[in-house]
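Q: Here it is: the structure, laid out below.
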Amino acid sequence: MSPVSRRTVLSTGGTLAALAAGGPLLASCGGNSAPGGTSSGGAAGSDAPVAAPTFRAPEGPEPDIAGDADIPDTFFSYPAEPTVSVPEAPGDGQPLRILTQTFSPVTAQPPQNTAWANLNDKLGSALEIQQVPSGEYATVFATSLAGGQLPDMFFLAEQPDMPDMVEATCLDLSDHLAGDAILAYPNLAAIPSDCWEAGRYNGRLYGLPSPRGAMSSGVLYRRDDLLAAQGVAPEWDDFEGFFSLAQQLNDPRGGRWATTIVPGQYIKNMLGIPNFWQYDGTTMQSWWTAPQMEEALEAQRRWAEAGLMNPDAFASPNTKVWFSTGAAYFNPDSFSAWSQYFADPPEGFDIDVCQIPAFDGDGTGHLWMSFPSYGRAGINRNAADRVETLLKVANYFAAPFGTQEYLDVKMGQEGADYTFEGTDPIATSTGAANSALGVRYIADCRIANYLPGHEDSARKLDASIRELVPDAFRNDAVYLYSETVESDFASSAQMFNALEADIVQGRKQVSEWRPAADQWWADSGQQMAEELTEAYHAAGRG
Amino acid sequence: MMLPALLVFVVFHYAALAGNVIAWKDYRPYLGIAGSDWVGWENFELMVTGDPAFWNAVRNTLVLTLVQTVLVFPAPILLALLLNSMLSQRIKRVVQSVLYLPHFLSWVVVVAIFQQVLGGGGLINTWLRQQGMETFDIIGNPDLFIGLLTSQVMWKDTGWATILFLAALTSIDPSLYEASQVDGAGRLRQLWHVTLPGLRGIIILLLILRLGDSLSVGFEQIILQQRAVGLDASEVLDTYVFNHGIAGNAWGEATAVGLVKGVIGTLLVVGANKVAHLFGEAGVYKS
């Protein structure tokens, strides 16, 4: 989904690279969706934009705790009688080829994979899914594009000249989706309107969104069960307090470290560094040039020097495993990872999300809000004769919580991949792996906060999101277009990611950051900021 | 019989060469080769104007080439001589099998093995930590990166590379050893006057071929370990082409760099072959 590869994502606590280039949070499924938080939009001089698709809320169960645009609805149980949102099989009997990314191990193929086989049956078309590990996706997409090998539907990785590239390779879906036309696909119509901006280029609709709200935002998790066992209260008022606590907890000899990796993004959140692009009233500012960057780098460098993270944090980070198995007390991940940690929790497993005090203890820090949609997927221009079938399949993928189709897409086949406990579908030992097909990056419904059998945890997650979101920083350039961002952002991100990694690991001095940032600003940063400011004003936001 | 092999060569090697034309184009994947704009020599400029990242990659590549030619290339010769001196055929076969084995492991596995043993959380460091002793930093240490790469290459491929030398050793006429023995030559004299001259042809042939891809110093192996040590220590021409060209979307420049690298490799092969001919050796082909 981003031009940042796993190598760079995993460099400095993961998060700079991840969020700068819109890539995933380290080994998680969080993150924004476009370089510098832009993409989408379109070149100047394009025709008047088509209307956004009409939003029509799905008819589904009442949430136990109602959410809003950013906060997901919370459900404590699955409806006893799931509704049917797609009465007829949408497929045309022909195979349907998909290129998508995955944050999970690549799944088995059908018929061994019962979830996939079940979905093929339900769709009436066999899915031929090429699943690519997220870190490699951008390069695989680029080479597929160059080789003319793009399939019927594909997750769109960031590329230069995004509007022109999308226009040349993807089908214009405006006639099928703009305004009330989308009502022919009720599950797609239940996607919030702002998400569709992720797929708008040159004013037209090309992309299918995957709504996430705040759920892809990166936070710092903590293991409350391990902290309680140590008799430590997870409280600190500033960075120094956090650092001291980490030193107290750190136990390399016992094989347990304070953090999985250097918590770079958490430190930046404490310092109130912009969520990449921030409109300051007159122009856009970037985090790379933010005055607090030196402090953020120095804090990370100290963290690394003190060895407060796993010794393999830079070489081969395996954060989810380290955190789940108790080899670390704290782990940066996204809100949406919460449910994964509860897929197969060890005895007594208890986690929560850390609050973000200000770095110097004066006030609060600021979460970085993720984008409304996790990127977008396109339909191949050459598949025009099947567009309605493909949109019907996307409509199936986007079936909301409470439907039978949601169970088919998210859980797999009843009996083989999940069984009911009461009304709650519980994944079998193979179910979670089988159903991680990656189609959630082709089209998806609004994410729901639902942890079958863990009502308390669902409440906890809801409370955490509600506490952090009000102070969150948004990326003000979300879905705005800048030609310079499109052409130069990837290489800039690569340079800064490498520099940050070098500084944090002590190979370069913190003082080397400012000259590089100033140089970037002079070379292309200012141009990016000006173009984005212009687009910001043109979009009526400023 | 040759037709399928010839076809493979024509389709996947010679026809694919035409793709190098994107070195002179502002290549955009969605426009295709024909649709992309012609930019002349613009993509070659970074090699002249001095993009620091490019020159860093060149420097690392040359250092690695030198180290690997000096250390890695002779290793199988020494090993082949040692193996050849073993008297028990049975032990020799067992040793050979053990030495050949790592060649069949992919780089992903080899790198993982090294990390599991030498990494910060690896076998040795974990043990040291449990004993309350100081740990060492090999995997993430840029200063040791070249040594690490070289030892990995040697561990993986030295055994396999002995095959050609062992074959050449068997082709040496045994009567030469008998004659030298009669003349009173000891083992070292025999090695110097019989064995090494017998291997000279194959050593020179392999050295020339090695020069041809001497600028390819291990793409997979390096890209897998790059994040731990940073680009300054680890970027070589092949990873630069990937990072800059495919990940950084500068296809034209990356192709130009790859093309120049290929041209230099060809010149090295042709040049070394000429030198071999001057010294009366057969080289890659007879003149």
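The rows are residues; the columns are (1) in a strand (DSSP E or B); (2) in contact with a helix residue (DSSP H, G or I) (Cβ under 9 Å, 6 or more places away or on another chain); (3) of a type in the set (S, T, N, Q); (4) over 23 Å from A:VAL353 (Cα atoms).
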{"residue": "A:MET215", "(1), (2), (3), (4)": "no, yes, no, no"}
{"residue": "A:PRO234", "(1), (2), (3), (4)": "no, yes, no, no"}
{"residue": "A:ASP237", "(1), (2), (3), (4)": "no, no, no, no"}
{"residue": "A:PHE242", "(1), (2), (3), (4)": "no, yes, no, no"}
{"residue": "A:GLN248", "(1), (2), (3), (4)": "no, no, yes, no"}
{"residue": "A:GLN265", "(1), (2), (3), (4)": "no, yes, yes, no"}
{"residue": "A:THR282", "(1), (2), (3), (4)": "no, yes, yes, yes"}
{"residue": "A:GLN285", "(1), (2), (3), (4)": "yes, yes, yes, yes"}
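Q: Give the number of residues within segment B:41-67 that are at pLDDT below 90 and among the small types (Gly, Ala, Ser).
A: 2
Q: Something else: With the condition kept exactly as written, say whether any residue in segment B:261-281 is touching a strand residue (DSSP E or B) at 6+ places or on another chain (Cβ under 9 Å), assigned to a helix (DSSP H, G or I), farther than 30 Å from B:ASN141 by Cβ and more than 9 Å from chain A (Cβ to nearest Cβ).
A: Keep residues of segment B:261-281 that are touching a strand residue (DSSP E or B) at 6+ places or on another chain (Cβ under 9 Å), which gives none.
Looking for residues that are touching a strand residue (DSSP E or B) at 6+ places or on another chain (Cβ under 9 Å), assigned to a helix (DSSP H, G or I), farther than 30 Å from B:ASN141 by Cβ and more than 9 Å from chain A (Cβ to nearest Cβ), one finds none in segment B:261-281, hence no.
Q: Criterion first (assigned to a helix (DSSP H, G or I) and assigned by TED's automatic domain parsing to the domain that holds A:GLU62) does A:LEU437 satisfy it?
A: When the stated conditions are applied, A:LEU437 does not pass them.
Q: Here's a follow-up. In the set B:ALA18, B:ALA57, B:ALA34, which member is in a helix (DSSP H, G or I) and more than 14 Å from chain A (Cβ to nearest Cβ)?
A: B:ALA18
Q: With the condition kept exactly as written, say whether any residue in segment A:330-343 is without any contact (Cβ under 8 Å) to a residue 40 or more places away in the chain, surrounded by fewer than 23 Cβ atoms within 10 Å (Cβ to Cβ) and part of a loop (DSSP other than H, G, I, E, B).
A: No, because not a single residue in segment A:330-343 is without any contact (Cβ under 8 Å) to a residue 40 or more places away in the chain, surrounded by fewer than 23 Cβ atoms within 10 Å (Cβ to Cβ) and part of a loop (DSSP other than H, G, I, E, B).
Q: Can you name every residue in segment B:95-120 that is surrounded by fewer than 18 Cβ atoms within 10 Å (Cβ to Cβ), among the hydrophobic types (A, V, I, L, M, F, W, C) and either over 21 Å from the mean Cα position of the chain (by Cα) or outside any helix (DSSP H, G or I) (or both)?
A: B:VAL95, B:VAL98, B:LEU105, B:VAL117, listed by residue number.
Q: Got a sec? Which of B:ILE172, B:ILE163, B:ILE146 is outside any helix (DSSP H, G or I), away from chain A (no Cβ under 14 Å) and of a type in the set (Val, Ile, Thr)?
A: Going through B:ILE172, B:ILE163, B:ILE146 in turn, just one is outside any helix (DSSP H, G or I), away from chain A (no Cβ under 14 Å) and of a type in the set (Val, Ile, Thr): B:ILE172.
Q: Where the second residue is β-branched (Val, Ile, Thr) and part of a loop (DSSP other than H, G, I, E, B) and the first is within 12 Å of another protein chain (Cβ to nearest Cβ) and in contact (Cβ under 8 Å) with a residue 12 or more places away in the chain and lies in segment A:296-314, which pairs have Cβ atoms under 6 Å and are six or more apart or on separate chains?
A: Listed by first residue and then by second, the contacts come to A:ALA304/A:VAL262; A:MET309/A:ILE261; A:MET309/A:VAL262; A:ASN310/A:THR260; A:ALA313/A:ILE261.
Q: B:LEU71 versus (1) buried (at least 16 other Cβ atoms within 10 Å of the Cβ); (2) touching a residue at least 40 places away in the same chain (Cβ under 8 Å): which is the lone unmet condition?
A: B:LEU71 satisfies every listed condition except (1).
Q: Got at least one residue in segment A:407-423 being on the phi < 0 side of the Ramachandran plot, in a loop (DSSP other than H, G, I, E, B) and surrounded by fewer than 19 Cβ atoms within 10 Å (Cβ to Cβ)?
A: yes
Q: What residue, of B:PRO76, B:PRO4, is farther than 26 Å from B:GLN226 by Cα and either touching a helix residue (DSSP H, G or I) at 6+ places or on another chain (Cβ under 8 Å) or among the small types (Gly, Ala, Ser) (or both)?
A: Going through B:PRO76, B:PRO4 in turn, just one is farther than 26 Å from B:GLN226 by Cα and either touching a helix residue (DSSP H, G or I) at 6+ places or on another chain (Cβ under 8 Å) or among the small types (Gly, Ala, Ser) (or both): B:PRO76.
Q: Another one. What number goes with the only condition from (1) over 19 Å from the mean Cα position of the chain (by Cα); (2) within 14 Å of chain A (Cβ to nearest Cβ) that B:GLU235 does not pass?
A: Failed condition: (1).
Q: With the structure loaded, tell me whether B:GLY132 is surrounded by fewer than 15 Cβ atoms within 10 Å (Cβ to Cβ) and either of a type in the set (D, E, K, R) or within 14 Å of chain A (Cβ to nearest Cβ) (or both) or whether it fails that test.
A: Judged against the criteria, B:GLY132 is a match.
Q: Spot the failing condition for B:ASN125; the list is (1) within 14 Å of chain A (Cβ to nearest Cβ); (2) touching a residue at least 60 places away in the same chain (Cβ under 8 Å), and only one is missed.
A: (2)
Q: Moving on to the next point. Name the pairs whose Cβ atoms lie under 6 Å apart, with the first residue in segment A:149-170 and at the interface with another protein chain (Cβ under 7 Å from one of its Cβ atoms), the second among the polar types (S, T, N, Q), and 6 or more positions between them or separate chains?
A: Within 6 Å, the pairs are A:PRO160/A:SER487; A:PRO160/B:ASN249; A:MET165/A:GLN159.
Q: If we scan segment A:111-129, do we find a residue that is small (Gly, Ala, Ser) and in contact with a Pro (Cβ under 6 Å, 6 or more places away or on another chain)?
A: Yes, because at least one residue in segment A:111-129 is small (Gly, Ala, Ser) and in contact with a Pro (Cβ under 6 Å, 6 or more places away or on another chain).
Q: Could you tell me which residue of segment B:43-68 is nearest to the chain's Cα centre (by Cα), considering only residues that are under 13 Å from B:GLU253 (Cα atoms) and surrounded by 15 or more Cβ atoms within 10 Å (Cβ to Cβ)?
A: Residue satisfying both the conditions and the ranking: B:PHE54.
The values are calculated or read from the model by the stated rules, or taken from the named source; none is laboratory data. In this text the structure is predicted, and so the values were computed from the model without any measurement. Counting neighbours? That spans all protein chains shown, and the Cβs are built from the backbone with ideal geometry, glycine included.
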